[in-house]
1. Do the conditions hold for B:ASP297, that is, is it exposed (fewer than 13 other Cβ atoms within 10 Å of the Cβ) and not aliphatic (A, V, I, L, M)?
2. Is it the case that the range B:72-85 has a residue that's open to solvent by 10 Å² or more (accessible area, probe 1.4 Å), assigned to a loop (DSSP other than H, G, I, E, B) and aliphatic (A, V, I, L, M)?
3. What pairs come out if I take residues in the range B:464-483 that are over 25 Å from B:LEU500 (Cα atoms) and pair them with residues that are part of a helix (DSSP H, G or I) and open to solvent by less than 10 Å² (accessible area, probe 1.4 Å) whose C-beta lies under 6 Å away, six or more apart or interchain?
4. Kindly check whether there is at least one residue in the range B:54-63 that is touching a residue at least 12 places away in the same chain (Cβ under 8 Å) and in a strand (DSSP E or B).
5. Here is a list of conditions, (1) open to solvent by 10 Å² or more (accessible area, probe 1.4 Å); (2) part of a loop (DSSP other than H, G, I, E, B); (3) more than 14 Å from chain A (Cβ to nearest Cβ), and B:VAL196 meets all of them except one; can you say which number that is?
6. Scan the range A:69-90 residue by residue and report those that are surrounded by fewer than 17 Cβ atoms within 10 Å (Cβ to Cβ) and more than 12 Å from the chain's Cα centre (by Cα).
7. Inspect all residues belonging to the range B:3-17 and state whether any of them is part of a helix (DSSP H, G or I), in the same structural domain as B:ASN361 (by TED's automatic domain parsing) and crowded, with 24+ Cβ neighbours inside 10 Å.
8. Tell me the residue from B:ALA239, B:ALA262, B:ALA226 that is more than 26 Å from the chain's Cα centre (by Cα) and either away from chain A (no Cβ under 11 Å) or at pLDDT 90 or above (or both), please.
Amino acid sequence: MIELLSTDRCIGCDRCVDVCPTDVFDRVPGAVPVIARQGDCQTCFLCEAWCPVDALWVAAERTPLPAPPAEADVALGSYRAALGWGQGRTPGARIAIGPPLIHEPGDPPGPPLV
Amino acid sequence: MIGVLELDTDVLVAGGGPAGTWAALRAADAGADVVLVDKGWCGASGATAASGTSVWYVEPDAEARETAMASREGLGGYLSDRGWMARVLDETYAGVNELADRGRYPFPRDDEGREIRRGVQGPEYMRRMRTLVRRAGVRILDHSPLTGLLTTSDGVVAGAAGTRRQEGVDYRVRAGAVVLATGGCAFGSGALGCDVDTGDGALAAAEVGAHLSGMEFSNAYAIAPAHSTVTKTAYYSYASFYRADGTVLEGAGSTRGRSVIARTLLDEPVLCRLDHAGPAEQVAMRRGQPNFFLPFDRAGIDPFRDLFEITLVAEGTVRGTGGIALAGTDCATGVPGLYAAGDAASREDICGGFTGGGSHNAAWALSSGSWAGRAAAAHAHAHGRPFPTTGAGPVPSGRTPARDVVAAVQAEVLPYDINLIRHGDRLRPALERLDGVWDTVRAGLDGGSWRVREATAMTAVARWMYTAALAREESRGMHKREDRPGTDPAWQRRIAVGGLDDVWFRTPSSVELPYRRAPLDAASPA
């Protein structure tokens, strides 16, 4: 679930408010957005992917952590980097060639089941 | 509420995932004025955007196409149709090539520099689709869940109503045709990206007289690390599965052995390790599906060395094949002015009773979206924009919290021993309890219009699902009944379900249905 919104990094573009498919963030007039409905977070990591300044952190857990981690303890921006999104990066899609997928005995040949 | 947003358009598309964006793009290309409404944000909503998917993209080579079509017919229980498959292969091939050229999608290249177009990364794909749709002039209303369809007094669909979550304003869009591309129903199970997929389109369609097909094939379950939402099962073909004491769980596997995992999970934890992946495969996995590793990296787990606990997460009709029944090759529903596409529609035509996720679903979303969008545009041009007279009323409200209804539905549809490992003696009482939940729904729910609609839709979908599961007195495709093991040739036919207060099912004879292939025919190449 979404755990961190770095107020130091955030530039107040409100893109997370726009892109979050479950409407977790709220705009705040004159300030950076806030995590308003953490319980609605579906842990899809897309806010992180779209944040232009790597100010967001989504923990892997489906339920809230007892306390948010410290900024220094998490790799802010690591998912965006893995997707190759951001200035000067090669889009991850350009190199996204997964391994051959093993099929179990009796399975018909076919495209990989991703 | 501060008034109502009123819009007027040729085509309204509900849903902004792959099917919805292709529908909107094709309708706009055909000259239609198009409005697209999405419960979340077109570009980030739904199962695809959060994920990555292979695509059933096959070169137009007769032998390759024949192999592709034959490969899944058996798994699907021979309920699919070669005519539809061939059309989907054609449309998908053209659409993916267009994504590369017009959408500038950065496909990877093979050693000889040729683009490999058999898969897409979800965030990149849907980012490009949003851009394409906007460039085509489509008006997008994000964070705007659908709450119902508008109709004329003759029952012709004439638009849709909903609410704009972030503005607190309801909307009414008068339209010449409507495409439902709202996704499947995952019952709020937590499957990756699927919280928006609650069956809203199926409910809206049923309310205006459409029916559903294949709803018994709605019990897909994906493997995920127990603490996470990342339901990406494909890489688990490199896994071994273990009991808590470290002994190997015999018979467990990512595809055929999934029921062994489910049975074990009923009593004890199941652990896993991707121990069949060598160094080269490990690197390729990270490139192929970066999101697969988020739950591991962020929890300090090395999935290739450490044992980690897994679970099975219900994906309902998202990776099932059931949905709104289609009445024609243009994705019409049989209700004038209403079309359905993607996971909202039945995928039996190309998958029968089984999909493994990705691939066929992605091809279906692109193809059915394209057909529905073109047909909706043509319908609107031919018939204009009818004046809606019904369906504009407020969503009834009452006292029971909508979330309580969702929990009650989940208690019937998520457990492995009711939905995945099926038996009439467990399905029947579950359906009776769901009928009781429906009575609660009809008494009115509290929680806001669109949350009430979600709870209502999940209840309706669950009842259709178990009605069809009880009707199909055999095992076929993903529908496996302990009390009806084995496939019965007499049941090589589809089951239609519908109705809200009174749920019904029909089992038309196979003669009346478009598919005609028997297992023996399918085994011999054309």
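1. no
2. Checked against the condition, which is being open to solvent by 10 Å² or more (accessible area, probe 1.4 Å), assigned to a loop (DSSP other than H, G, I, E, B) and aliphatic (A, V, I, L, M), the range B:72-85 yields at least one hit.
3. Qualifying pairs under 6 Å: B:ASP483/B:GLY424.
4. Yes: the range B:54-63 contains one or more residues that are touching a residue at least 12 places away in the same chain (Cβ under 8 Å) and in a strand (DSSP E or B).
5. Here B:VAL196 meets the rest and fails (3).
6. Passing the criteria: A:PRO69, A:ALA70, A:GLU71, A:ALA72, A:ASP73, A:GLY86, A:GLN87, A:GLY88, A:ARG89, A:THR90.
7. no
8. Every option except B:ALA239 fails the conditions.
The values are calculated or read from the model by the stated rules, or taken from the named source; none is laboratory data. Model, not experiment: these values are computed from the prediction. So basically every Cβ, Gly included, is an ideal-geometry build from the backbone, and we count neighbours across all protein chains shown. Only protein heavy atoms, including side chains, enter the accessible area calculation; ligands, DNA and RNA are left aside. Shrake-Rupley method; radii C 1.70, N 1.55, O 1.52, S 1.80 Å.
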